[in-house]
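Only one structure is covered here, and it is reproduced in the block below.
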Amino acid sequence: MIRLKSLTKIFPGQATPAVDQLSLEVPAGQTCVLIGPSGCGKTTTLKMINRLVEPTGGRIVVGGEDVTGMDPVALRRRMGYVIQQIGLFPHMTIAENIATVPRLVGWPAARIAARVDEMLTLVGMDPAIHRTRYPRELSGGQRQRVGVARALAGDPPVMLMDEPFGAIDPITRGRLQNEFLKILKAIRKTVVFVTHDVDEAIKMGDRIAILRDGRLVQYGTPDEILARPANAFVEEFVGTDRALKRLALVTVREVMRTDTHASPPRPCASIPEDATVKEALSAILALNGESLAVVDQEGRLLGHVTLRQIQELVAGRSDPIP
Amino acid sequence: MIQAAWAYLLSHPKLFRDALVTHLTLSGSGLAIAAILAVPLGILLSQSPRAALLAINAANIGRTVPSLAVLAIMLPVLGTGFLPSLVALTLLAIPPILINAYVGIRQVDPDAVESAVGMGMTRLQVMAKIELPVALPVISAGVRTAAVQVVAGATLAAFIGGGGLGDFITSGIALMQLPLLLLGAVPIALLAIGTELLFHRLERALTPRGMRSGSS
């Protein structure tokens, strides 16, 4: 768990603080997304957690331990760190890159080698092929995978990620986001994730912290923020299509009807069970249809999702919080 | 004429050998001293942009001073002989090495440095494991430039009594003996080319595999 208490940063020669009395709690094993317009202090906040930026005031507590005055080098070895430009070491092989933290903390060679292969496999890269390659021989997406593998290699309880998928094309970005979500399901990490992309925040975050001018404007689950923006700024920031964005938080599996097997309402096309309702709506509209068949990975029919159902869902959830 | 030069060489083998040894000793020690001083200084300067601005500009000005002028300046200060020649050659070699050491460290990808620090490397570890290996090709390119300059520049040591192959050239001019002049000029040209090739190989050997162009 990470707790920030009145965290403040005033850069020398600046009148207004970059981060101003920020208090925030990220429960263990959850992903907290820091989001806001440029200059809102999100990256500064992230870098104060691993003390790449030294706080002017306030406390940082990680896993119950106050780390505000701790030796930053020791602290950083317990936190994975991924940045947008990845920063792989060009003169080291992929294996050597991934082995960075295990080597720093002095693991035996055999354990490091095994860990490297485990990490490569985790991020979907074949160790036999990629272990001995160099960063410049990889594609952008592969480099970012290695960046994530390198950050995870020391098995840190905390991951700090600064726009990790920001510099990647949209298709690869979507794939990497899904892969990372899958990884997080397998290995619990407390993640602080900086982005300026609302859709990414909604997709990746268990909680979203919206920052503006160094202050916390709203902190809540994606659904809370979309359903009840704290003020006009948040409302504008998350966009006028928040009803649609909320549909992206629900998968078709959660809402599909399974009682229509006997008389399916003329299913026209199918959609995988882990697709979002937003995607289902888009598909229905595109096909000018009424419903979709929901199928599993093998293509077996699981149920149906209808336009009517989606409309009811939107209406029923318009004010979901009592 | 070449034959005459060759005949002279065969009749005075010791004279030639001594001149060659002096030439190589002068260049070699000048380069070594310059590298020992300038590489660490350049690395140190890369850590302090303000001091670097001053030192690099000074080095650049130093670079524009002709080799002969450097030698001439040494004359009233240190007199003639081997030592003033060595000092002058060292001064000649420092600017390219200093500038490349500084630039080499500065051009290391700042994102790689940030992730190294962010993963818990100490300042010294970042220098030893990331910045130095990545900067090594640029640093050695500076040493190569300096080496060629020094080998060629050592010719001028003859003017202040430093000895070396330049002696044949000055004597050749003074005595209007072209063969004698060639006995100095040809080996110096070959030495300069040889130095360039040797240091080029060294530079490639020092380039980490992942950063070599043309290999994958």
Spans of helices (runs of 4 or more DSSP H) in the stretch A:250-322 with at least 3 residues of a type in the set (Val, Ile, Thr) and at pLDDT 85 or above: none
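Given the structure, is residue B:144 charged (D, E, K, R), within 14 Å of chain A (Cβ to nearest Cβ) and surrounded by fewer than 24 Cβ atoms within 10 Å (Cβ to Cβ)? Even if it seems obvious, please write down each step before you answer.
On the way: charged (D, E, K, R): yes; within 14 Å of chain A (Cβ to nearest Cβ): no; surrounded by fewer than 24 Cβ atoms within 10 Å (Cβ to Cβ): yes.
Spelling it out, it is not the case that residue B:144 is charged (D, E, K, R), within 14 Å of chain A (Cβ to nearest Cβ) and surrounded by fewer than 24 Cβ atoms within 10 Å (Cβ to Cβ).
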Set B:198, B:190: member being in a helix (DSSP H, G or I), farther than 20 Å from residue B:32 by Cα, more than 14 Å from every other protein chain (Cβ to nearest Cβ) and aliphatic (A, V, I, L, M): B:190
Helices (runs of 4 or more DSSP H) fully within the stretch A:68-113 counting 1 or more residues that are surrounded by fewer than 19 Cβ atoms within 10 Å (Cβ to Cβ), among the β-branched types (Val, Ile, Thr) and not assigned by TED's automatic domain parsing to the domain that holds residue A:135: none
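Residues A:150, A:145, A:173: which one is surrounded by fewer than 21 Cβ atoms within 10 Å (Cβ to Cβ) and not in a loop (DSSP other than H, G, I, E, B)?
The unique qualifying residue is A:173.
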Residue tally, condition at the interface with chain A (Cβ under 9 Å from one of its Cβ atoms) and within 12 Å of the chain's Cα centre (by Cα), over the stretch B:80-110: 0
Breaking point among (1) more than 14 Å from every other protein chain (Cβ to nearest Cβ); (2) among the aliphatic types (A, V, I, L, M); (3) in contact with a Phe, Trp or Tyr (Cβ under 8 Å, 6 or more places away or on another chain), for residue A:26: (3)
Some residue of the stretch A:190-197 being among the hydroxyl-bearing types (Ser, Thr, Tyr) and farther than 19 Å from residue A:43 by Cα: no
Enumeration of residues in the stretch B:142-163 that are part of a helix (DSSP H, G or I) and in contact with a His (Cβ under 9 Å, 6 or more places away or on another chain): B:144, B:151, B:154, B:155, B:157
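Could you identify the single residue in B:56, B:36, B:61, B:2 that is touching a residue at least 12 places away in the same chain (Cβ under 8 Å) and closer than 21 Å to residue B:143 by Cα? Write out each step before concluding.
On the way: B:36 fails: touching a residue at least 12 places away in the same chain (Cβ under 8 Å); B:61 fails: touching a residue at least 12 places away in the same chain (Cβ under 8 Å); B:2 fails: closer than 21 Å to residue B:143 by Cα.
That would be B:56, the only listed residue that is touching a residue at least 12 places away in the same chain (Cβ under 8 Å) and closer than 21 Å to residue B:143 by Cα.
Would you confirm whether any residue within the stretch A:120-134 is closer than 30 Å to residue A:3 by Cβ and over 17 Å from the mean Cα position of the chain (by Cα)?
If we filter the stretch A:120-134 for residues that are closer than 30 Å to residue A:3 by Cβ, which is where we start, we get A:122-123.
The next check asks that each one be over 17 Å from the mean Cα position of the chain (by Cα); those that pass are none.
No, because not a single residue in the stretch A:120-134 is closer than 30 Å to residue A:3 by Cβ and over 17 Å from the mean Cα position of the chain (by Cα).
Can you spot a residue in the stretch A:134-141 that is in a helix (DSSP H, G or I), surrounded by 15 or more Cβ atoms within 10 Å (Cβ to Cβ) and either within 14 Å of another protein chain (Cβ to nearest Cβ) or touching a residue at least 40 places away in the same chain (Cβ under 8 Å) (or both)? Give the steps one after another, and end with the answer.
First, the residues of the stretch A:134-141 that are in a helix (DSSP H, G or I): A:135-137, A:140-141.
Within this subset, residues satisfying the condition of being surrounded by 15 or more Cβ atoms within 10 Å (Cβ to Cβ) are A:135, A:141.
With the extra rule that they be either within 14 Å of another protein chain (Cβ to nearest Cβ) or touching a residue at least 40 places away in the same chain (Cβ under 8 Å) (or both), the set shrinks to A:135.
Yes.
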Matching helices (runs of 4 or more DSSP H) fully within the stretch B:1-104 where at least 3 residues are within 25 Å of residue B:133 (Cα to Cα) and either touching a Pro at 6+ places or on another chain (Cβ under 9 Å) or not hydrophobic (A, V, I, L, M, F, W, C) (or both): B:13-45, B:49-64
Set A:69, A:58: member being of a type outside the set (S, T, N, Q) and touching a residue at least 40 places away in the same chain (Cβ under 8 Å): A:58
Evaluation of residue B:113 against (1) closer than 29 Å to residue B:28 by Cα; (2) within 14 Å of chain A (Cβ to nearest Cβ) (one fails), failing number: (1)
Any hit, the stretch B:129-139, residues being in contact (Cβ under 8 Å) with a residue 24 or more places away in the chain, away from chain A (no Cβ under 13 Å) and in contact with a Gly (Cβ under 7 Å, 6 or more places away or on another chain): yes
The listed residue being outside any loop (DSSP other than H, G, I, E, B) and either buried (at least 21 other Cβ atoms within 10 Å of the Cβ) or away from chain B (no Cβ under 12 Å) (or both), out of A:58, A:39, A:124: A:58
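The values are calculated or read from the model by the stated rules, or taken from the named source; none is laboratory data. What you see is a predicted model, and the numbers here were worked out from it, not measured in a lab. No Cβ is skipped: glycine too gets one built from the backbone with ideal geometry, and neighbour counts run over all protein chains shown.
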